[in-house]
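Taking it in order: structure first as structure tokens, then the write-up.
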Amino acid sequence: GERGGNKPGAARQAPMPRILRKETGVASLPSQGPSGSDGKPGHKDFLSIVVLGASGDLAKKKVIPALFALYYQNQLPTDNFVIMGYARSDLSDEKFRETLEARLTCRVDERESCAGKMDEFLAKCFYCQGGYDSEEGFERLN
């Protein structure tokens, strides 16, 4: 038709992935909204960001600093999220945070509040050691 629905060669959009919420077992679309969308009082969605290869250069130099920039600009939740680093290196949560702190910079205008935001951000960073071919390692992320 004229609306472009079935034109030959027209790009087809992939179906929206459905996300299964472990705590409720309810499948939902990612765009269904913020916390409390299941209608139950006191239930809030929780954002867990898993960074694979977290002890590597790409994660330390680019990925985690980019996440910090989003956090600093209030583009990430302030209370309902964590960042889980996952890699083969044997690190504690504290050692992981120390390596991240050394790489985080305040490239923002309001540097006076940066240290507090950085401490808040680092308190949300955790580390899980495991191999990429290890089911047990990924189970510990849960």
Keeping all protein chains in the complex and leaving out DNA, RNA and ligands, what accessible area do you get for E98 with a 1.4 Å probe, in Å² to the nearest 10?
90 Å²
What spacing in nm lies between the two simple spin-label points modelled at Q73 and D93, each 7 Å away from Cα in the Cβ direction?
2.9 nm
Round to the nearest 10 and report in Å² the accessible area of R140, as given by a 1.4 Å probe over the protein chains' heavy atoms.
130 Å²
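In terms of the Cα gyration tensor, with a ≥ b ≥ c the square roots of its eigenvalues, is region 42-142 rounded because a/c is under 1.5, prolate because a/b exceeds b/c, or oblate? Walk me through the intermediate numbers first.
Values: a/c = 2.30, a/b = 1.40, b/c = 1.64.
It is oblate, given that a/c is not under 1.5 and a/b is not larger than b/c.
The values are calculated or read from the model by the stated rules, or taken from the named source; none is laboratory data. None of the values given here were measured: they were computed from a predicted structure. Every residue, glycine as well, gets a Cβ built from its backbone with ideal geometry; the counts of neighbours run over all protein chains shown. Please note that ligands, DNA and RNA were not included when accessible areas were found on the heavy atoms of the full protein model with its side chains. Shrake-Rupley method; radii C 1.70, N 1.55, O 1.52, S 1.80 Å.
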